[in-house]
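Participant: Quick one: the structure is below, and I'll ask about it shortly.
The values are calculated or read from the model by the stated rules, or taken from the named source; none is laboratory data. Quick caveat, the model's predicted, so the values are computed rather than measured. Glycine gets a Cβ as well: all are built from the backbone with ideal geometry, and neighbour counts include every protein chain shown.
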Amino acid sequence: MNPLLAIRPVFTGLFLLTIVSMAFAVLFLQQTLGLPPCPLCITQRGFVILVGLFALLAALHNPQGWGRRVYAALCLLAALGGAAVAGRHVWLQSLPEDMAPACGPSLEYMLETLPLAETFQVVIMGDGNCAEVVWTFLGLSIPEQTLALFVVLAGIALFQLLRPQASA
């Protein structure tokens, strides 16, 4: 078997992919281009970080047998959660302008004034800020790029989950 496909290198690669994507989001999109993240973007970043943390723990632990499957399942669940949020974001951006939801309060304000469950519900629903396409690359908006990232992360996690036992 190819040593790069062993358990630890695959989880390490998954972790590094999340690091690169977060660096792109924070250092390039947010700091260089000055694009503040909307609530749905922040939620997607949380899911990317969650996948990265599970992958880092798996790389450090280097589990065998069912342990590999547990870490892979956790990565897969986080990636699917992120894909669901990114999919909602893409859907909001595809709405005609007159059907897009109105802009709402900032995430900071909601966290200070609303109960956590209600804040989560409002964030997932999205608002007018989330419906605006502010930057594209190769014709893809930021949420579309993030959805593609989650598909790749989920694919790698699924590979780790379903593949036969590999050597360390």
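Participant: In a helix (DSSP H, G or I) and buried (at least 18 other Cβ atoms within 10 Å of the Cβ): does that describe F28? Don't jump to the end; show me each part of the working.
Facilitator: Numbers: in a helix (DSSP H, G or I): yes; buried (at least 18 other Cβ atoms within 10 Å of the Cβ): no.
Criteria not met by F28.
Participant: For L35, indicate whether it is in a helix (DSSP H, G or I) and not β-branched (V, I, T). Even if it seems obvious, please write down each step before you answer.
Facilitator: Values: in a helix (DSSP H, G or I): no; not β-branched (V, I, T): yes.
Here the answer is no, as L35 does not meet what is asked.
Participant: Of the residues A117, A78, A23, which single one is over 20 Å from G155 (Cβ atoms) and within 15 Å of the chain's Cα centre (by Cα)?
Facilitator: Details: A117 fails: within 15 Å of the chain's Cα centre (by Cα); A78 fails: over 20 Å from G155 (Cβ atoms).
After applying the criteria, what remains is A23.
Participant: Go through the range 39-71 and report how many residues are more than 14 Å from L153 (Cβ to Cβ) and within 14 Å of the chain's Cα centre (by Cα). Steps first, answer last, please.
Facilitator: Of the residues in the range 39-71, the ones more than 14 Å from L153 (Cβ to Cβ) are 39-43, 57, 59-70.
From what's left, within 14 Å of the chain's Cα centre (by Cα): 39-43.
Total satisfying the criteria: 5.
Participant: Does any residue in the range 75-98 that is crowded, with 19+ Cβ neighbours inside 10 Å come within less than 6 Å, Cβ to Cβ, of a residue that is basic (K, R) six or more places away or on a different chain, and which pairs are these?
Facilitator: Within 6 Å, no pair qualifies.
Participant: Filter the range 152-164 for residues that are loosely packed, with under 15 Cβ neighbours inside 10 Å and within 25 Å of F28 (Cα to Cα) and give the result.
Facilitator: Listed by number, the list holds a single entry, V152.
Participant: Follow-up. Looking only at the range 70-87, decide whether some residue is part of a helix (DSSP H, G or I), more than 30 Å from Q165 (Cα to Cα), out of contact with any Ser or Thr (no Cβ under 9 Å at 6 or more places or on another chain) and modelled with pLDDT of 90 or more. Walk me through how you get there before you give the answer.
Facilitator: Let us first name the residues in the range 70-87 that are part of a helix (DSSP H, G or I), namely 70-87.
If we keep only those that are more than 30 Å from Q165 (Cα to Cα) as well, we get 85-87.
Subset that is out of contact with any Ser or Thr (no Cβ under 9 Å at 6 or more places or on another chain): 87.
Remaining after also requiring modelled with pLDDT of 90 or more: 87.
Checked against the condition, which is being part of a helix (DSSP H, G or I), more than 30 Å from Q165 (Cα to Cα), out of contact with any Ser or Thr (no Cβ under 9 Å at 6 or more places or on another chain) and modelled with pLDDT of 90 or more, the range 70-87 yields at least one hit.
Participant: Within the range 1-41, which residues are of a type in the set (V, I, T) and more than 15 Å from G82 (Cβ to Cβ)? Show your work before the answer.
Facilitator: Within the range 1-41, the first condition is being of a type in the set (V, I, T), and the residues that meet it are 7, 10, 12, 18-20, 26, 32.
Passing the criteria: I7, V10, T12, I19, V20, V26, T32.
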